[in-house]
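Beneath this line is the structure, given in structure tokens, with notes to follow.
The values are calculated or read from the model by the stated rules, or taken from the named source; none is laboratory data. Quick caveat, the model's predicted, so the values are computed rather than measured. Note: ideal-geometry Cβ built from the backbone for every residue, glycine included; neighbour counts use all protein chains shown. Calculation scope for accessible area: heavy atoms of the full protein, side chains included, ligands and nucleic acids excluded. Shrake-Rupley method; radii C 1.70, N 1.55, O 1.52, S 1.80 Å.
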Amino acid sequence: MVLTGAGISAESGVRTFRDDGGLWEGHDVNAVATPEGFARDRELVQRFYDARRRSLAHVEPNPAHLALARLEEELGEDLLVVTQNVDDLHERAGSRRVVHMHGELLRAACEACGSRPRWEEDLLPSPPCPVCGARALRPDVVWFGEVPYELDRIGRAVSGCDLFVSVGTSGSVYPAAGYVSLAASSGAHTLELNLEPSEGSRFFDEVRTGPAGRLVPEWVEELLGG
Ligand code: BV8
């Protein structure tokens, strides 16, 4: 199982959250990434995610995304990529077995009928839901205080994997930050690939520091016995 965070998309030009110039520098997390913030100011939140959705058109997958897609070609069902990212760069690199535990920018969620239609346009001004017609669409991302997606499937992969690899995440947000310990306690070998040691580095058997665009292709080459 490979768990990815914002760091894997940094070299593609997608801003991370906590690094210098990160998203949380310019925006109050509680205002833009909580249901309470959305209730207080829907327009502010929609504008924040509309801008991030539009920026996807100006970024491309990098060698780290491409290396994981290649690994899936070799391992098939024996590989699962679980990402905290809401961008679509894993899929654009060719990965198919990807779980977006925190949602996707290219999906909307209807607060009236619960449908989650694919969505590539802005959500401002409030367009009607393509399923029920209600003007109740929100970004399909998991905000703080909300339950992440596919926790059961992820839980099975974490406790059933032989190798748990974390790429480009600060290990500061749960439940994702707790998966390394769960994997280790289930007997998996655990490896961190990150620009710098994360908050959870001490829980990993092995930590390699450097840019994902170099570390991930090197690791995949090694794993495939190149
Ligand atoms: C929940 C989507 C209940 C939105 C996101 C236990 C203890 C304490 C608190 C909690 C706890 N359990 C729950 C909480 C509360 C909270 C939480 O964890 N708070 C934190 C702040 C303490 N968690 C929640 O609210 C979660 N929900 O718990 O529900 C529940 C749970 C389970 C079962 C039942 C009920 C929901 C959290 C999801 C919030 N949404 N994103 C959006 O995108 O706008 S979180 C967001 O931040 C990301 O998705 C990610 O998950 C998280 C951290 O971001 P990273 O991806 O790691 O990015 P960051 O910038 O932090 O770090 C980048 C890293 O990359 C750095 O280490 C850097 O060195 C590295 N890097 C940079 N460049 C490169 C690189 N590495 C390699 N190469 C490079 N080039």
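Does Leu68 satisfy the condition of being part of a helix (DSSP H, G or I) and of a type in the set (A, V, I, L, M)?
Working: part of a helix (DSSP H, G or I): yes; of a type in the set (A, V, I, L, M): yes.
Taking the combined requirement at face value, the residue satisfies it.
Could you list all residues from the range 26-57 that are outside any loop (DSSP other than H, G, I, E, B), within 10 Å of the ligand (Cβ to nearest atom) and of a type outside the set (A, V, I, L, M)? First the steps, then the outcome.
Filtering the range 26-57 for residues outside any loop (DSSP other than H, G, I, E, B) gives 26, 29-32, 35-40, 42-57.
Those still in the list that are within 10 Å of the ligand (Cβ to nearest atom) too: 29, 32, 45, 48-49, 52.
Matches in the range 26-57: Phe48, Tyr49, Arg52.
Evaluate the following for Pro127: is it over 23 Å from His65 (Cα atoms) and not in a loop (DSSP other than H, G, I, E, B)? Write out each step before concluding.
Working: over 23 Å from His65 (Cα atoms): yes; not in a loop (DSSP other than H, G, I, E, B): no.
No; evaluated as a whole, the condition is false for this residue.
Residues of the range 191-220 being among the hydroxyl-bearing types (Ser, Thr, Tyr) and closer than 10 Å to Ser170 by Cα, which ones?
Ser198, Ser201
Which condition does Leu71 not pass, out of (1) surrounded by fewer than 19 Cβ atoms within 10 Å (Cβ to Cβ); (2) more than 17 Å from the chain's Cα centre (by Cα); (3) under 20 Å from Gly213 (Cβ atoms), if it passes all the others?
The number of the failed condition is (1).
Considering every residue within the range 81-103, establish whether at least one is open to solvent by 20 Å² or more (accessible area, probe 1.4 Å), assigned to a strand (DSSP E or B) and either more than 15 Å from the ligand (Cβ to nearest atom) or not β-branched (Val, Ile, Thr) (or both).
Looking through the range 81-103, none of the residues is open to solvent by 20 Å² or more (accessible area, probe 1.4 Å), assigned to a strand (DSSP E or B) and either more than 15 Å from the ligand (Cβ to nearest atom) or not β-branched (Val, Ile, Thr) (or both).
Kindly list the number of the only condition in (1) modelled with pLDDT of 95 or more; (2) under 28 Å from Phe164 (Cα atoms); (3) out of contact with any Asp or Glu (no Cβ under 8 Å at 6 or more places or on another chain) that fails for Phe17.
Single failed check for Phe17: (1).
Of everything in the range 174-225, what is open to solvent by 30 Å² or more (accessible area, probe 1.4 Å) and either at pLDDT below 95 or within 7 Å of the ligand (Cβ to nearest atom) (or both)? Give them in sequence order.
At the first step, the residues of the range 174-225 found to be open to solvent by 30 Å² or more (accessible area, probe 1.4 Å) are 174-175, 181-182, 184-187, 189, 195-197, 199, 202-203, 205-209, 211, 214, 217-218, 221-225.
Scanning the range 174-225 gives Tyr174, Pro175, Leu195, Glu196, Pro211, Gly225.
Of the residues Glu77, Glu11, Glu43, Glu60, only one is in contact (Cβ under 8 Å) with a residue 12 or more places away in the chain, within 18 Å of Pro139 (Cα to Cα) and open to solvent by 70 Å² or more (accessible area, probe 1.4 Å); which? Write out each step before concluding.
Details: Glu77 fails: within 18 Å of Pro139 (Cα to Cα); Glu11 fails: within 18 Å of Pro139 (Cα to Cα); Glu60 fails: within 18 Å of Pro139 (Cα to Cα).
Matching residue, one of Glu77, Glu11, Glu43, Glu60: Glu43.
Answer yes or no as to whether Gly145 is closer than 25 Å to Val14 by Cα and either surrounded by fewer than 16 Cβ atoms within 10 Å (Cβ to Cβ) or within 16 Å of the chain's Cα centre (by Cα) (or both). Don't jump to the end; show me each part of the working.
Numbers: closer than 25 Å to Val14 by Cα: yes; either surrounded by fewer than 16 Cβ atoms within 10 Å (Cβ to Cβ) or within 16 Å of the chain's Cα centre (by Cα) (or both): yes.
In short, yes.
Go through the residues of the range 108-123 one by one and say whether even a single one is under 28 Å from Trp24 (Cα atoms) and either within 10 Å of the ligand (Cβ to nearest atom) or modelled with pLDDT under 95 (or both). If you could, list the steps in order and put the result at the bottom.
The initial filter retains those residues of the range 108-123 that are under 28 Å from Trp24 (Cα atoms), namely 108-111, 116-123.
Of the ones still in play, those that are also either within 10 Å of the ligand (Cβ to nearest atom) or modelled with pLDDT under 95 (or both) are none.
The answer is no, given that none of the residues of the range 108-123 is under 28 Å from Trp24 (Cα atoms) and either within 10 Å of the ligand (Cβ to nearest atom) or modelled with pLDDT under 95 (or both).
Consider Leu75 carefully, then state whether it is of a type in the set (A, V, I, L, M, F, W, C), part of a helix (DSSP H, G or I), out of contact with any helix residue (DSSP H, G or I) (no Cβ under 6 Å at 6 or more places or on another chain) and more than 22 Å from Gly13 (Cα to Cα).
Working: of a type in the set (A, V, I, L, M, F, W, C): yes; part of a helix (DSSP H, G or I): yes; out of contact with any helix residue (DSSP H, G or I) (no Cβ under 6 Å at 6 or more places or on another chain): yes; more than 22 Å from Gly13 (Cα to Cα): yes.
Considered against the rule, which asks whether it is of a type in the set (A, V, I, L, M, F, W, C), part of a helix (DSSP H, G or I), out of contact with any helix residue (DSSP H, G or I) (no Cβ under 6 Å at 6 or more places or on another chain) and more than 22 Å from Gly13 (Cα to Cα), Leu75 comes out as yes.
Are there any pairs, at least 6 apart or on different chains, whose C-beta atoms fall under 6 Å, with the first in the range 124-152 and under 17 Å from Gln46 (Cβ atoms) and within 16 Å of the ligand (Cβ to nearest atom) and the second of a type in the set (Ser, Thr, Tyr) and open to solvent by less than 80 Å² (accessible area, probe 1.4 Å), and if so, which?
From the range 124-152, the pairs are Pro139/Tyr49; Trp143/Thr34.
Determine whether Gly168 is at pLDDT below 95 and either more than 13 Å from the ligand (Cβ to nearest atom) or under 30 Å from Pro35 (Cα atoms) (or both).
Numbers: at pLDDT below 95: no; either more than 13 Å from the ligand (Cβ to nearest atom) or under 30 Å from Pro35 (Cα atoms) (or both): yes.
No, not satisfied.
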